[in-house]
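The values are calculated or read from the model by the stated rules, or taken from the named source; none is laboratory data. Just so it is clear, the model here is predicted, and its values are computed rather than measured. These accessible areas exclude ligands, DNA and RNA; they are computed on the full protein's heavy atoms, side chains included. Shrake-Rupley method; radii C 1.70, N 1.55, O 1.52, S 1.80 Å.
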Amino acid sequence: MIHNEKIKNMNFELKKIKRKYIFITLFVTLSILFVIIHKEKKAYESTFNTSTLGKIVGFKANNRDHIDAIILLTKSGAIPLGFPPNEAHTVLNVAKKGDQVIALFNTKNQHTNDRDKKTDYRLLKISNLKTHSSVDLTEKIPPPFDLGKDIDIEVDLNKLKFHFDNKNRAKGLIYNNYFIDIKPELMEQIKPFIDKAKTITIKGKQSIEDSNFVNYYGYLTVKPDLITIDNRSYLLK
């Protein structure tokens with residue numbers, strides 16, 4: 001009886017070892033396959049990489065007016081090269097409008113501009129021919145979460161104006177060097193009161209995203225939490 005029990009225990013342990021071995025083998029095999037597929041994918045995508053010489057003649061921006069592409073003038077014509085908008089400062093620190101650059105871009109993994117719904121080639125690397133500075137966007141990591149900093153604005157109404165999107169809808173306010181980012185549906189509700197206002201104050205956050213993003217018009221972004229129009233306050237969430 002004891003002998004049978006020992007045999008059962010041995011069989012049980014052998015099965016455990018066998019299952020563990022199969023699991024380890026499967027894990028190692030899948031890991032190797034993942035590495036191989038990843039390398040093959042990179043090699044395949046690299047066949048679509050193109051390097052060209054050109055001059056930066058302009059920029060494109062998304063629906064939030066954040067620059068997300070350069071326009072590069074080459075011998076073949078103007079080429080829009082897109083990148084994540086949070087990389088704009090990185091790109092423009094290396095090369096600005098008028099600079100001669102060498103750009104490496106990918107024609108397969110493209111960048112869609114959500115303002116005009118057109119597809120741009122994706123910028124991978126850019127090098128300035130004059131300063132010899134360069135940046136490799138394939139090595140960049142996402143920016144930290146944007147907490148912003150508190151800001152209070154007492155508005156001089158003579159300097160306040162509405163900012164419109166490409167559908168001619170008011171999507172915020174421009175005041176001095178600030179863009180007060182307000183959703184169009186909220187703007188529709190408060191615009192009649194702003195038009196007749198005698199005093200306006202705004203409380204919100206000045207976005208620290210401006211250390212990564214670049215506004216097409218050069219404004220600093222403010223995300224308002226509260227706007228007070230003639231002693232009547234509106235919570236903007």
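For HIS89, HIS163, give me the order by solvent-accessible area with a 1.4 Å probe, most accessible first, ignoring ligands, DNA and RNA.
Output order, biggest surface exposure first: HIS89, HIS163.
Would you list ARG232, ARG169 from the most to the least accessible area, probe 1.4 Å?
On the way: ARG232 135, ARG169 105 Å².
From most exposed to least exposed: ARG232, ARG169.
Using a probe radius of 1.4 Å on heavy atoms only, what accessible surface per residue do you get for the range 110-229? Whole Å² is fine. Present the calculation step by step, with values, prior to reporting the outcome.
Working: 7350 Å² over 120 residues.
On a per-residue basis, the range 110-229 sits at 61 Å².
From the cross-link list LYS117/LYS198; LYS55/LYS167; LYS159/LYS203; LYS55/LYS223, which pairs have alpha carbons spaced over 28 Å apart?
Beyond 28 Å between Cα atoms: LYS117/LYS198; LYS55/LYS167; LYS55/LYS223.
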